[in-house]
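Read through the structure below, which is laid out as structure tokens, and then see the notes.
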Amino acid sequence: MKKHILPAIKLTLVLIVFFAVIYPIAVWGMAQFSSNKGKGDTVEFKGKKYYANIGQSFTADKYFWSRPSAVTYNASGSGGSNKGPSNAEYLAQVQARIDTFLVHNPGIHKSEIPVDLITASGSGLDPNFSVQAAKVQVRRIAIRRGIEEQKIDQLINDHTEGPLWGIFGPKKINVLKLNIALDAISK
């Protein structure tokens, strides 16, 4: 029995020290090399502070709509809906999002709506969407704000971020930063 218990206790103590002390200090140390020292990507606009790395809710027609959230953009409780693709309630939610989008974006066909505008992300807090998700909303925003579509297209191009290190993931756009830039050119 001593043969198994003592090594198990030693291993437990080593893992406690590693995961409770060494690992958190290493993560904190790496965060000090990031912008804003690991405190999040903040953006100030009109005297208010926003976190650009946490999804925000935008539903007004004059803004780019953000990706839906299963946790209503509550950063204290990240998570998905956990409903499968054949769940009737989930399918009804997606259909309602499609219907709402089509009502607010006349001239767009159902097949043109990118999936990231009608489905929530796994965390429910995704601050980004695809370039296609931005482009499909240009006409509505141009009409609501009285801005030429070319100006909005240029804004989309200016705010498009490439894949991580040029190879990992798709191109994406931060919705909050794009909408702040949209407000800036609308004045």
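The values are calculated or read from the model by the stated rules, or taken from the named source; none is laboratory data. Only a predicted model underlies this, so the values are computations on that prediction, with no experimental measurement involved. Every residue, glycine among them, receives a Cβ derived from its backbone with ideal geometry; neighbour counts consider all protein chains shown.
Among the residues of the stretch 101-120, the ones that are out of contact with any helix residue (DSSP H, G or I) (no Cβ under 8 Å at 6 or more places or on another chain), surrounded by fewer than 19 Cβ atoms within 10 Å (Cβ to Cβ) and closer than 21 Å to T160 by Cα come to 2 in all. Residues of the stretch 78-100 that are among the small types (G, A, S) and either surrounded by 11 or more Cβ atoms within 10 Å (Cβ to Cβ) or under 12 Å from T119 (Cβ atoms) (or both): S78, G79, G80, S81, A96. Just so you know, in the stretch 41-52 the residues that are surrounded by fewer than 17 Cβ atoms within 10 Å (Cβ to Cβ) and not in a strand (DSSP E or B) include one that is modelled with the lowest pLDDT, and it is D41.
Look at the stretch 106-123: where a residue is basic (K, R) and a partner is modelled with pLDDT of 90 or more and surrounded by 15 or more Cβ atoms within 10 Å (Cβ to Cβ), sitting 6+ places away or on another chain with Cβ atoms under 7 Å, you get K110/L102.
On the basis of being within 26 Å of L182 (Cα to Cα), touching a residue at least 40 places away in the same chain (Cβ under 8 Å) and among the acidic types (D, E), does D61 make the cut? Criteria met by D61.
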